[in-house]
Amino acid sequence: MSDIILRTNKLTKKYKNDVALENVNITIEKGAIYGFIGQNGAGKSTLLRLVTGLAFPTSGSIELFGNDHPNELTESQKRIGAIIENPALFPDMSAYENLAVHRLQKGIPGKESIQKTLDLVGLANTGKKKTKNFSLGMKQRLGLGIALLSDPEFLILDEPTNGLDPTGIVELRELIKKLNREKGLTVLISSHILSELHQLATSYGIIHKGELLEELTSKQLDEKCRQHLQIKVDQPSKAAIVLEDTLSTTDFEVMPDGTIKLYSYLDDVRAVSSALTMKGLLIEHLSQNGDSLESYFSKLIGGQGHE
Amino acid sequence: MNNLIRVEFFKLQRNKACWILIGTVIGISTLFHYLIITDWWMMRNTPFDSIHLSELNGLFAFTVPIFFNLIVSTLAAFYISTEFSPSGVIKNQIISGNKRTQIYLAKFFVFSLGSIFVTIVIPLVTVAVLVILFGRGDIFDFTNMIYLGRAYGLFTLQFLGYTAIILLLSIITNDSGKTIIFSILFTIVMYVMEKLAKPAFLEVIYENSIFYQFMEVFKYTMTSGEIIKSILIGAVSTIIITLCGIFIFNRKEIK
């Protein structure tokens, strides 16, 4: 049994004069919370629309729960819950009625699932209030409720924090973590609020101008973003010995270009520089480095910043 | 498929526009029939008039495409097109994992039933009630009931072809306003085609279309051949237009 929930192979989507996605290969493993990062217009929603069957790829393939045949894909979509772009609601219906429509079209037995979902997303007390009178945050929560109603194995959320107040954002984060932990729910969540994703995601895909720039786990990302002293000396191997013997630390890496990344002594740069110079090493560069997810992302896409 | 049909009925029952249409048609139809039955309004040269069923003259208006299109296109606009924009709820339906063909057929089925109810059943029921209330119920004798049954049976079949066209239009336009405008334009074009002299090949096409049949089915006498032809035109048109709709819907990208 495959542990891959979603895999795309050279997925490409072209419009008349525009390439929205080009040869995108992403892999999402079971139980992952996959943070999909990209600027507005980078292609995040396009990919999500392809995966959910709202649009069709120009070339490439999508494998969902191990199925890649078009008919099987439609069947696999029954195991998905999704909000794409903004929650789609019937404005003249109440929250209960909106969920009732979705329950019927998904063929979910028992009406009790509706009340359970309303409780879960905190809309149990909205009664007969029509959704056109809901705040954006309430609409977002109802959208999430619709996505969760069928107890999906794979949840796709496109910018789910749009319109949520800070408390709502924290609640959403905790809810996703809880569902992931307790039910093994796999989540694909796209956002440009990177600090939010950083607290949630277990793996990341970074997309820019329709191309997937990098896919990495949160551990790999933390490693890349970890604060360190970047040291460039004339004799890297001798410097490594000095760090071990004089400063009694092995918490460093010698990079292929000879640069040393030292993860300790961040508060005592002087001790490092004096230890190296006392052993006759010439320090060419010494600086404190390390990225936040935001700056890492900015660097990756070429310093254009993000929204 | 059953679930999808139940969903469509659920949505139709809660559709404000549908209830407004039902109320409006009941009102207009009652008033219209009342004025005609009491001879306050004289309508002449209708198919009913020529067979001494002048009490039913008011039904004629509901059999003319340029009039009933207003009902059907309004329902399509506020029941079908709004799902694409602005609410976008069609997205949830596609993501739900149901086949697009089944989604389309469920919509066609319920939309057609709704349209038939508002455009055909309500005027028929109101006229029947008024005719009976005014003590003229004797016109519903066996012969006339057979005629009305045959005429409205065939009319409903042609009407299905028309609802298939309007559904297709609403799926293409994605917008309530455009659905109404384009359907009115379309009906005007068909009306003009009916009235104006046209080349022979267009004449043949028109005479074998549901638009010609809308009038033909109300002839008092129809031969078996004419009935079969009418059935074939209605059924084939409905099937072909529905297949076109399914083809387009299956390739449609949902925004």
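The values are calculated or read from the model by the stated rules, or taken from the named source; none is laboratory data. None of the values given here were measured: they were computed from a predicted structure. Positions of Cβ are backbone-derived with ideal geometry, glycine not excepted, and every protein chain shown enters the neighbour counts. Protein only, heavy atoms only, side chains kept; ligands, DNA and RNA dropped before computing areas. Shrake-Rupley method; radii C 1.70, N 1.55, O 1.52, S 1.80 Å.
Within 10 Å of the Cβ of each residue in B:85-91, the mean number of Cβ atoms contributed by other protein chains is 6. Taking a point 7 Å from the Cα of A:Ser292 along the Cα-to-Cβ direction, the residues of the stretch A:206-246 with backbone N closer than 15 Å to it are A:225-227.
Across the stretch A:150-307, the relative contact order, built from alpha-carbon pairs under 8 Å that are at least six residues apart, equals 22 percent. Sorted into 5 angstrom bins from 0, the C-alpha pair distances of chain B split as 1, 6, 12, 16, 18, 16, 13, 9, 5, 3, 1, 0 percent. Determine the share of the protein assembly as shown's accessible area contributed by carbon and sulfur atoms, expressed in whole percent, with a 1.4 angstrom probe. Summing carbon and sulfur atoms, their accessible area is 58 percent of the total for the protein assembly as shown.
When the other protein chains are added to the chain by itself, burial of at least 10 square angstrom of heavy-atom accessible area (probe 1.4 Å, ligands and nucleic acids ignored) affects these residues of the stretch B:1-25: B:Asn3, B:Arg6, B:Val7, B:Phe10, B:Lys11, B:Arg14, B:Lys16. With R₀ fixed at 56 Å, the C-beta to C-beta distance from B:Asn250 to A:Thr250 puts the FRET efficiency at about 0.35. Between helix B:176-195 and chain B there is an angle of about 40 degrees, using the helix long axis and the longest principal axis of the Cα atoms. In this label model, A:Lys178 and B:Glu203 are separated by 7.6 nm, measuring between points 7 Å along each Cα→Cβ vector.
With r as the distance between the Cβ atoms of A:Lys128 and B:Trp41 and R0 = 45 Å, compute the FRET efficiency 1/(1 + (r/R0)^6) and round to 0.05. In this case the efficiency is close to 0.55.
If you fit an axis through the alpha-carbon atoms of helix B:224-251 and take the longest principal axis of the Cα set of chain B, what angle between them do you get, 0 to 90°, nearest 10? Approximately 20 degrees, to the nearest 10.
Legend: residues in the stretch A:80-117 shielded by at least 50 square angstrom of accessible surface upon adding the remaining protein chains to the isolated chain (1.4 Å probe, heavy atoms) are A:Ala88, A:Phe90, A:Leu104, A:Gln105.
Normalised by the number of residues in the stretch B:61-181, the average gap of Cα pairs under 8 Å and 6 or more apart makes the relative contact order 50 percent.
Under Stokes-Einstein, with the Kirkwood radius over Cα pairs standing in for Rh, what whole-number D in µm²/s applies to the stretch A:1-84 at 25 °C and 0.890 mPa s?
186 µm²/s
Evaluated on the protein assembly as shown, the Kirkwood hydrodynamic radius is 28.1 Å, with distances taken between all distinct Cα atoms.
Other residues within the sphere of radius under 9 Å centred on the Cβ of A:Asn9, judged by their own Cβ, net out at 0 (K and R +1, D and E -1).
Based on Cα contacts under 8 Å between residues 6+ apart, chain B shows a relative contact order of 28 percent. For chain A, the solvent-accessible area of protein heavy atoms averages 47 Å² per residue (probe radius 1.4 Å; ligands and nucleic acids excluded).
In terms of Cα atoms, the Rg and Dmax of the stretch B:111-255 work out to 17.6, 57 Å.
Taking all protein chains into account, the per residue accessible area for the stretch B:19-76 stands at 45 Å² (1.4 Å probe). At 0.36 nm per residue, minus the direct Cα-Cα distance, what do A:Glu112 and A:Glu29 gain on full extension? Give it in nm, one decimal, please. Answer, rounded to one decimal: 26.8 nm.
Given a 1.4 Å probe and the protein chains as shown, A:Phe56 ends up with an accessible area of around 70 Å².
Between A and B, buried accessible area from a 1.4 angstrom probe totals roughly 2600 Å², ignoring ligands, DNA and RNA.
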